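K.L.:
Below you'll find the structure I mean.
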Amino acid sequence: MEDKRFEEAVLQMAQRQTVRSFRAEPIPDEVLKNILEAGINVASGGNLQPYSIIVERDREKAQKLAKILHYPFIGNASVNLLVLMDWHKLAVYSKCRQAPFIENYSTNHFFIAWDDAVLCAQAMETAAWLYGIGTCFVGHVMDCDDALKSMYHLPDMTYPVLLLSMGYPKKLTSKPRKLSLDLMVFEGEYPALHEEQICEAFDEKYEGKKLPLPSNENARAEHINKFRRAMRTVYSVEETEKIIQEVIGRGYFSEMQRLFGIHYHPDREIGNKLLGCFQEHKLYPFTDALTRQEEE
């Protein structure tokens with residue numbers, strides 16, 4: 001009986017999908033508490049638990065969050081969980097117990113703490129799905145640190161990692177295609193994958209997905225110029241213009257062109273903005289603490 005139940009849970013997880021359309025039905029307090037318990041009991045490096053969760057159930061503040069992050073579905077979620085990397089509590093406790101604390105300068109501990117926060121969020125997402133609750137991760141909360149710091153009174157040495165919006169789904173769409181096991185899981189070592197294998201697998205995953213060029217002339221020119229800027233980070237002028245003419249000729253961007261030339265644009269992806277944001281929160285993961293101490 002037990003084995004069957006666990007097997008069913010694993011099979012259900014293989015069918016999970018992101019949900020962005022929620023019913024108005026609230027999540028019961030006991031269910032939410034169990035979901036949160038799943039999050040705070042995940043493994044963490046040294047059992048430090050360097051993360052915190054802010055529970056947002058206020059509809060007005062959820063609407064404000066939706067505007068900050070530019071995702072309307074956030075405002076319709078029953079609950080939004082903001083997961084923070086959090087060295088603040090451990091720094092306070094270490095000082096009270098006369099222990100040295102420099103983890104906010106540590107590169108290794110920064111990545112481990114970030115991983116721990118993501119593990120916490122994933123455990124809550126899994127628990128929610130098993131309760132029949134849909135969720136959507138919002139990753140670019142890390143780009144909105146000032147607004148969130150002010151909105152939620154975040155102390156130094158904390159940083160937003162993920163937002164998890166959740167609620168009972170209005171309806172489930174068809175599950176998006178994923179890469180198969182043979183291109184995702186490797187036994188013993190990383191194999192010598194051929195270009196054809198990789199392209200064939202991704203072509204199958206993204207079959208039929210494309211972004212048509214806008215019919216409006218100004219919007220069309222804006223898309224093409226945006227794509228041109230992205231292409232020039234990797235391709236020569238001649239290569240870029242040739243590819244653009246191919247896009248214009250067929251009337252759409254392929255899925256990879258949409259993803260990396262329009263959606264995840266280099267204007268936003270390249271730069272050191274986050275390092276400055278980290279430092280404003282008293283996080284110095286790429287600064288050697290001892291060197292800094294000597295300079296001071």
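The values are calculated or read from the model by the stated rules, or taken from the named source; none is laboratory data. Fair warning: this is a prediction, and the values are worked out from it, not measured in the lab. Heads up, the Cβs are rebuilt from the backbone with ideal geometry, glycines too, and the neighbour counts pull from every protein chain shown. We work out accessible area using only protein heavy atoms, side chains counted, and drop any ligands, DNA or RNA first. Shrake-Rupley method; radii C 1.70, N 1.55, O 1.52, S 1.80 Å.
K.L.:
Take the residues in region 240-274 that are of a type in the set (D, E) and at pLDDT 95 or above; name whichever of them is least open to solvent (accessible area, probe 1.4 Å).
P.N.:
Here the residue is E255.
K.L.:
Now a separate question. Give region 131-147 a look and list any residue that's assigned to a helix (DSSP H, G or I), of a type in the set (A, V, I, L, M) and either farther than 15 Å from A62 by Cα or at pLDDT 95 or above (or both), or say none.
P.N.:
M142
K.L.:
May I pose another question? Looking at A38, A77, A14, which is the one that is open to solvent by less than 70 Å² (accessible area, probe 1.4 Å), touching a residue at least 24 places away in the same chain (Cβ under 8 Å) and out of contact with any Ser or Thr (no Cβ under 6 Å at 6 or more places or on another chain)?
P.N.:
Going through A38, A77, A14 in turn, the sole match is A38.
K.L.:
Give me the residue from region 37-49 that is hydrophobic (A, V, I, L, M, F, W, C) and in contact with a Leu (Cβ under 8 Å, 6 or more places away or on another chain) and, out of that set, farthest from N108 (Cα to Cα).
P.N.:
Checked region 37-49; the qualifying residue farthest from N108 (Cα to Cα) is V42.
K.L.:
Let me ask something else about it. I'd like to check something: does region 75-94 contain any residue that is closer than 22 Å to F278 by Cα and in a loop (DSSP other than H, G, I, E, B)?
P.N.:
Yes, region 75-94 contains a residue that is closer than 22 Å to F278 by Cα and in a loop (DSSP other than H, G, I, E, B).
K.L.:
Same structure again: May I ask you to list the residues in region 141-167 that are within 11 Å of the chain's Cα centre (by Cα), more than 16 Å from A66 (Cβ to Cβ) and open to solvent by less than 10 Å² (accessible area, probe 1.4 Å)?
P.N.:
If the condition is that a residue be within 11 Å of the chain's Cα centre (by Cα), more than 16 Å from A66 (Cβ to Cβ) and open to solvent by less than 10 Å² (accessible area, probe 1.4 Å), then V161 is the only one that fits.
K.L.:
Additional query: Show the residue pairs meeting these rules: Cβ distance below 8 Å; 6+ apart or different chains; first residue within region 195-207 and more than 14 Å from R258 (Cα to Cα); second residue open to solvent by less than 100 Å² (accessible area, probe 1.4 Å).
P.N.:
Partner pairs satisfying both residue conditions: Q197/L183; I198/L183; A201/L179; A201/S180; A201/L183; F202/L179; F202/M256; K205/L179.
K.L.:
For region 187-204, enumerate the residues that are part of a loop (DSSP other than H, G, I, E, B) and either open to solvent by less than 60 Å² (accessible area, probe 1.4 Å) or at pLDDT below 95 (or both).
P.N.:
P191, L193
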